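The values are calculated or read from the model by the stated rules, or taken from the named source; none is laboratory data. No experiment lies behind these values; they were computed from the predicted model shown. FYI the Cβ positions are ideal-geometry reconstructions off the backbone, even for glycines, and counts take in every protein chain you see. Note: accessible area is taken over every heavy atom of the protein model, side chains too, but ligands, DNA and RNA are not part of it. Shrake-Rupley method; radii C 1.70, N 1.55, O 1.52, S 1.80 Å.
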Amino acid sequence: MRDKLYLFMLLMLMSCATQAEVDSLQVEYLEEVELTSIMARTAGFREYCTDFADTYNEEATVWFAPFADHPAIHYFQSLRDRFHISHDALATLALHLKKDRGRYVLKKDTTYLSDRWSEVDKDSLLAMLNDFYEDSSFLDFFERHRAFYEVRCRAYTPALVDSLDIGWIERFHGFEGDKFHIVLAFTNGRHNYGPSLATDNGRENYAMAGYVSPRLIHLNGFTIHSLYGDMIVHEFNHSFINPLLRDSTFRQAMHPLGEEMLRRSYHTMTNMQYGRWDIVVNETLVRAATLLYKQAHGCSKEELERLIREEESHGFRWMTDVVTSLHYYEQHRSSYPTLRDYYSKLTDDIRRSLFVDF
């Protein structure tokens with residue numbers, strides 16, 4: 001009886017902690033995100049050159065165009081050519097920057113910094129970034145737009161937060177007590193990322209949402225919630241799933257499967273910028289987990305089947321089997337407390353799907 005009472009109290013405390021996390025969750029903006037994104041935009045990175053923020057993008061172009069030949073911009077272009085720095089690599093860099101006496105340095109724990117930065121000389125990177133920051137008067141630009149950032153973040157918070165079930169995400173992955181952040185990235189266009197950050201107090205999970213102005217959202221027949229709701233869940237799933245492939249055992253086992261997935265849907269995947277096997281694996285698992293989230297929140301069996309077929313039409317032809325495997329995981333949590341504990345069986349199921357049942 002005492003054990004049951006203890007378990008009940010523990011579950012109640014965890015539930016209260018999760019609800020407190022949701023209640024305190026606000027949409028944020030980060031100077032580091034705008035800095036790295038605008039540098040990428042100025043360097044001509046295609047994914048950062050779309051204009052969905054109305055006059056903000058125009059104002060950024062006018063302000064930073066005179067610095068298109070800045071050494072830091074040429075340096076960024078070389079990073080893209082030499083080390084494939086693009087897309088979410090910039091997002092992970094932004095999260096690992098901090099100010100120290102007015103200059104940017106790296107945070108001490110870079111566990112979740114994209115491995116694409118591993119061969120980049122960090123001293124040179126930081127020197128170039130800080131030179132651009134000072135020479136372009138980036139802080140002046142940022143401060144002039146602070147009111148714009150704050151108004152937009154307040155306006156988007158209810159639609160992005162109110163119906164979000166953080167508790168489900170934590171329970172599904174088997175980690176409770178992590179901190180969650182939603183960040184509007186005003187230079188990301190329609191690109192969204194799910195990076196993570198290791199801190200002294202544990203891991204922090206981010207859904208980094210590319211900002212689309214309310215005018216463009218409504219012009220295309222969406223609401224803020226309908227455009228962003230599923231995407232926020234998708235990116236938070238990324239922040240849990242992507243780090244699993246840092247385990248060398250998982251990576252070795254999943255590598256040939258990811259290569260086979262990429263081979264079977266090569267043109268479709270590369271057209272979506274999923275040109276690496278690990279990206280295809282993570283995207284598969286994230287999309288499957290997001291479908292389970294939708295099912296847990298009112299999606300009918302018929303609608304789930306339609307969504308699975310839709311994913312399969314997008315090149316993820318193995319999605320039915322992956323969703324089935326994750327259903328099994330959900331039903332056997334006493335044997336698999338976390339998704340990490342289930343990863344080996346999940347790998348076996350995907351191998352069977354690709355090479356036996358295909």
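Things worth noting here:
- Qualifying residue in the stretch 10-26 (condition: open to solvent by 40 Å² or more (accessible area, probe 1.4 Å) and at pLDDT 95 or above): yes
- Taking the stretch 116-151 as the range and being among the charged types (D, E, K, R) and in contact (Cβ under 8 Å) with a residue 40 or more places away in the chain as the test, the residues that pass are Asp131, Asp135, Glu150.
- Residue match in the stretch 216-230 (condition: open to solvent by less than 10 Å² (accessible area, probe 1.4 Å), within 18 Å of Ala53 (Cα to Cα) and more than 18 Å from the chain's Cα centre (by Cα)): yes
- Considering the stretch 156-175, and only residues there that are touching a residue at least 60 places away in the same chain (Cβ under 8 Å) and open to solvent by 50 Å² or more (accessible area, probe 1.4 Å), the residue that is farthest from His218 (Cα to Cα) turns out to be Phe175.
- Filter result for Ile217 (in a helix (DSSP H, G or I) and closer than 30 Å to Asp109 by Cα): no
- When Gly189 is tested against the conditions (1) assigned to a strand (DSSP E or B); (2) at pLDDT below 95, the lone failure is (1).
- Residue match in the stretch 195-212 (condition: among the hydrophobic types (A, V, I, L, M, F, W, C), at pLDDT 95 or above and surrounded by fewer than 16 Cβ atoms within 10 Å (Cβ to Cβ)): no
- When Arg152, Arg103 are checked against the criterion of being out of contact with any strand residue (DSSP E or B) (no Cβ under 9 Å at 6 or more places or on another chain) and not small (Gly, Ala, Ser), Arg103 stands alone in meeting it.
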